[in-house]
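Here's the structure we're looking at; comments come further down.
The values are calculated or read from the model by the stated rules, or taken from the named source; none is laboratory data. Predicted model, so just to flag it, every value in this text is computed and none were measured. Ideal geometry is used to build each Cβ from the backbone, glycine not excepted, and the neighbour counts take in all protein chains shown.
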Amino acid sequence: MLGLLDRIRVDLSTDKYYQQNFSNDGQRFLAWYLRNCYLRTPIQARDDITDGPNDKEIDAVIIDEEKRQVIIIQGKFFAGLAGCGFLYGCQTFAQKPGLGAALVQ
């Protein structure tokens, strides 16, 4: 796991995309996550991020029209713990029984 954290740190510090497009480490890590885990392009990742004031704690939204799927991501970046970044998704929440019906209404 240490190798992955080192890779994230290197990517965020050396790729100018993250420094030029995002104002804080939380957004930079979220952009990295979108690009590397969801294979979003740099433009898509920037557009997917909704993080900011009054965002209702929704930090990114991916809309996949082909799959008719919406992915909502809420991320947390912790600079402590030796500079590690952690992202917590909404997958467990979205798997709750009856949630799909509640979202459609």
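Could you tell me which residue of segment 53-102 is surrounded by the most Cβ atoms within 10 Å (Cβ to Cβ), considering only residues that are in a loop (DSSP other than H, G, I, E, B) and at pLDDT 80 or above?
If we take residues in segment 53-102 being in a loop (DSSP other than H, G, I, E, B) and at pLDDT 80 or above, then Asp59 is surrounded by the most Cβ atoms within 10 Å (Cβ to Cβ).
For first residues located in segment 26-42 and in contact (Cβ under 8 Å) with a residue 24 or more places away in the chain, partners that are of a type in the set (Lys, Arg) and lie 6+ apart or on another chain with Cβ distances below 6 Å form the pairs Leu34/Arg40.
Can you tell me which residue within segment 1-23, out of those that are hydrophobic (A, V, I, L, M, F, W, C) and assigned to a helix (DSSP H, G or I), is modelled with the highest pLDDT? Among them, the one singled out is Leu12.
Residues in segment 1-52 that are crowded, with 18+ Cβ neighbours inside 10 Å and of a type in the set (Gly, Ala, Ser) were compared, and the one that is nearest to Gly75 (Cα to Cα) is Gly26.
Condition first: part of a helix (DSSP H, G or I) and touching a helix residue (DSSP H, G or I) at 6+ places or on another chain (Cβ under 8 Å). Now tell me which residues in segment 37-52 satisfy that.
Filtering segment 37-52 for residues part of a helix (DSSP H, G or I) gives 37, 42-48.
Answer for segment 37-52, where residues must be part of a helix (DSSP H, G or I) and touching a helix residue (DSSP H, G or I) at 6+ places or on another chain (Cβ under 8 Å): Pro42, Gln44, Ala45, Arg46, Asp48.
Which residues, counting only those in segment 24-36, are of a type outside the set (Phe, Trp, Tyr) and part of a helix (DSSP H, G or I)? Answer for segment 24-36, where residues must be of a type outside the set (Phe, Trp, Tyr) and part of a helix (DSSP H, G or I): Asp25, Gly26, Gln27, Arg28, Leu30, Ala31, Leu34, Arg35, Asn36.
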